[in-house]
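Q: Take a look at this one; I'll ask things after.
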């Protein structure tokens, strides 16, 4: 293994692919003229899909630490895409609620995101995508089991 080049290692290729995709996706969002980052979109999407989600759960869902999620939530509040209100059952928590403009933004972004995802997967067979998904789930499970 020590004699293999870094570029030939599977996990290096995976990391390189993910970073390339994120740069590509962020560029497509910027080209659309919408002032939002991939991470901000992920947070909005998570809150939309799980309305009673906590900030900590959002962090887990989008692979971000609590401080990063807190900054993203503050930015999204400033942009008026979401707001916090006191949680109805736990006064120590805040409820994260998408605003009308937050819902509208998600609807606007949906076709843009679908298009750039399709562009990124151009020439990749659906069977290969499904095979990769299964492999990624297996790798994740292997790593989680051994933590």
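The values are calculated or read from the model by the stated rules, or taken from the named source; none is laboratory data. Keep in mind it's a predicted model, so treat the numbers as computed, not measured. Reconstructed Cβ throughout: ideal geometry from the backbone, glycine too, with neighbour counts over all protein chains shown.
Q: If you scan the range 115-133, which residues turn out to be loosely packed, with under 10 Cβ neighbours inside 10 Å and farther than 21 Å from residue 31 by Cα?
A: Those that are loosely packed, with under 10 Cβ neighbours inside 10 Å and farther than 21 Å from residue 31 by Cα: 123, 125, 126, 127.
Q: Next question. Please verify whether residue 98 is in contact with a strand residue (DSSP E or B) (Cβ under 7 Å, 6 or more places away or on another chain), surrounded by 17 or more Cβ atoms within 10 Å (Cβ to Cβ), modelled with pLDDT of 95 or more and within 30 Å of residue 133 (Cβ to Cβ), treating the condition exactly as stated.
A: It is true that residue 98 is in contact with a strand residue (DSSP E or B) (Cβ under 7 Å, 6 or more places away or on another chain), surrounded by 17 or more Cβ atoms within 10 Å (Cβ to Cβ), modelled with pLDDT of 95 or more and within 30 Å of residue 133 (Cβ to Cβ).
Q: Name the residue that is nearest to the chain's Cα centre (by Cα), counting only residues in the range 65-75 that are touching a residue at least 24 places away in the same chain (Cβ under 8 Å) and surrounded by fewer than 18 Cβ atoms within 10 Å (Cβ to Cβ).
A: Among those residues, the one meeting the criterion is 68.
Q: Out of the range 47-76, which residues are touching a strand residue (DSSP E or B) at 6+ places or on another chain (Cβ under 9 Å) and either within 16 Å of residue 105 (Cα to Cα) or assigned to a helix (DSSP H, G or I) (or both)?
A: Result: 47, 48, 55, 58, 73, 76.
Q: Go through 91, 79 for me and flag whichever is touching a residue at least 24 places away in the same chain (Cβ under 8 Å), over 25 Å from residue 119 (Cα atoms), surrounded by fewer than 17 Cβ atoms within 10 Å (Cβ to Cβ) and out of contact with any strand residue (DSSP E or B) (no Cβ under 6 Å at 6 or more places or on another chain).
A: Answer to the selection: 79.
Q: Sticking with this one: Out of (1) touching a residue at least 40 places away in the same chain (Cβ under 8 Å); (2) loosely packed, with under 15 Cβ neighbours inside 10 Å; (3) assigned to a helix (DSSP H, G or I), the odd one out for residue 112 is which?
A: (2)
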